[in-house]
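> Dropping the structure in here first, questions after.
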Amino acid sequence: MRLDKYLKVTRLIKRRTVANEACDMGRVLVNDKPARASYDVKVGDMILIDLGQKPLKVKVLNVTEYATKENAAENYTVIE
């Protein structure tokens, strides 16, 4: 699944266009490297999102095409 879509489906970023823009600006790192919105997310990837005062670092546990509000957080775990 594309990185921008994964960020939206898991509700880490509210809108896909915002996720796409964050990737273009270099504010999203995957495995400590700047990632493009088209990056193919895999289980075990470490994603760092630096959009606010405190960066958010998560580890990908599951990649699913659809997630409900209740189970969206089951696809990742927050690190630190």
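> Being closer than 19 Å to Tyr66 by Cα and over 10 Å from the mean Cα position of the chain (by Cα) is the filter here, so list the residues in segment 42-51 that pass it.
Scanning segment 42-51 gives Lys42, Val43, Gly44.
> Tell me whether segment 65-77 contains one or more residues that are of a type outside the set (Val, Ile, Thr), modelled with pLDDT of 95 or more and not in a loop (DSSP other than H, G, I, E, B).
no
> May I pose another question? Out of segment 22-48, which residues are hydroxyl-bearing (Ser, Thr, Tyr) and either in contact with a Pro (Cβ under 7 Å, 6 or more places away or on another chain) or surrounded by fewer than 12 Cβ atoms within 10 Å (Cβ to Cβ) (or both)? Full working, then the answer.
Quick first cut of segment 22-48, residues hydroxyl-bearing (Ser, Thr, Tyr) only: 38-39.
The answer is Ser38, and nothing else.
> Also, I was wondering about something else. For segment 1-41, give me each residue that is out of contact with any Leu (no Cβ under 6 Å at 6 or more places or on another chain), under 22 Å from Glu70 (Cα atoms) and assigned to a loop (DSSP other than H, G, I, E, B).
Met1, Thr10, Arg11, Leu12, Lys14, Arg15
> Then there's this: What are the residues in segment 18-33 that are over 16 Å from Ile79 (Cβ atoms) and either touching a residue at least 12 places away in the same chain (Cβ under 8 Å) or in contact with a Cys (Cβ under 8 Å, 6 or more places away or on another chain) (or both), if any?
Ala19, Asn20, Ala22, Cys23, Asp24, Arg27
> Mind counting the residues in segment 61-80 that are among the acidic types (Asp, Glu), surrounded by 10 or more Cβ atoms within 10 Å (Cβ to Cβ) and touching a strand residue (DSSP E or B) at 6+ places or on another chain (Cβ under 6 Å)?
Number satisfying all stated conditions: 0.
The values are calculated or read from the model by the stated rules, or taken from the named source; none is laboratory data. Everything numeric in this text was worked out from a predicted model, so none of it was measured. Please note: Cβ atoms are built from the backbone with ideal geometry, for glycine as well, and neighbour counts cover all protein chains shown.
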